[in-house]
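The values are calculated or read from the model by the stated rules, or taken from the named source; none is laboratory data. All values reported here derive from a predicted model rather than from experimental measurement. Neighbour counts are summed over all protein chains in view; Cβ atoms, including those assigned to glycine, are modelled from backbone coordinates with ideal geometry. Heavy atoms of the whole protein, side chains included, go into the accessibility calculation; ligands, DNA and RNA do not. Shrake-Rupley method; radii C 1.70, N 1.55, O 1.52, S 1.80 Å.
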Amino acid sequence: TKDKILMNLSVAQISYFINILLQANIIKHSNQRDIFRMISENFKTNGTDTISVDSLSAKFYNVEDTTKKAIREKIIELMNLSKK
């Protein structure tokens, strides 16, 4: 079995963060399914060792407000870290 990298985000949060990175043209790739597949093959969360491509895709298009808020807070945390 392949060792996967643990992300301290939920599947929904990962999916939304990818969505933002695509919107900002930080990730430039025309096929979103390729991105979801790469994440599925290489990452895990505290809640699951197996992230499905379909789950990432569904959460990419149906974002809950709590997910947006959590990612907004993480982005603010990143911005604060960049000030150091």
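Within segment 49-66, can one find any residue that is of a type outside the set (S, T, N, Q) and in contact (Cβ under 8 Å) with a residue 60 or more places away in the chain? No: zero hits.
Restricting the first member to segment 67-84 and to residues that are touching a residue at least 12 places away in the same chain (Cβ under 8 Å), and the second to residues that are of a type in the set (Phe, Trp, Tyr) and part of a helix (DSSP H, G or I), the beta-carbon pairs closer than 8 Å and six or more apart or on different chains are Thr67/Tyr16; Lys68/Tyr16; Ile71/Tyr16; Ile71/Phe17; Lys74/Phe17. Applying the condition of being assigned to a helix (DSSP H, G or I) and open to solvent by 40 Å² or more (accessible area, probe 1.4 Å) to segment 17-29 and asking which residue is nearest to Ile51 (Cα to Cα) yields Phe17. Of all residues in segment 49-64, none satisfies being loosely packed, with under 15 Cβ neighbours inside 10 Å, of a type in the set (Asp, Glu), modelled with pLDDT of 95 or more and touching a Lys or Arg at 6+ places or on another chain (Cβ under 9 Å).
Considered as a group, the residues in segment 1-16 that are surrounded by 15 or more Cβ atoms within 10 Å (Cβ to Cβ) and not in a helix (DSSP H, G or I) include one that is farthest from the chain's Cα centre (by Cα), and that residue is Lys4.
Among the residues of segment 46-56, are any of a type in the set (D, E, K, R), under 13 Å from the mean Cα position of the chain (by Cα) and assigned to a helix (DSSP H, G or I)? No: zero hits. Restricting attention to segment 65-76, the residues being open to solvent by 90 Å² or more (accessible area, probe 1.4 Å) and more than 24 Å from Gln32 (Cβ to Cβ) number 1.
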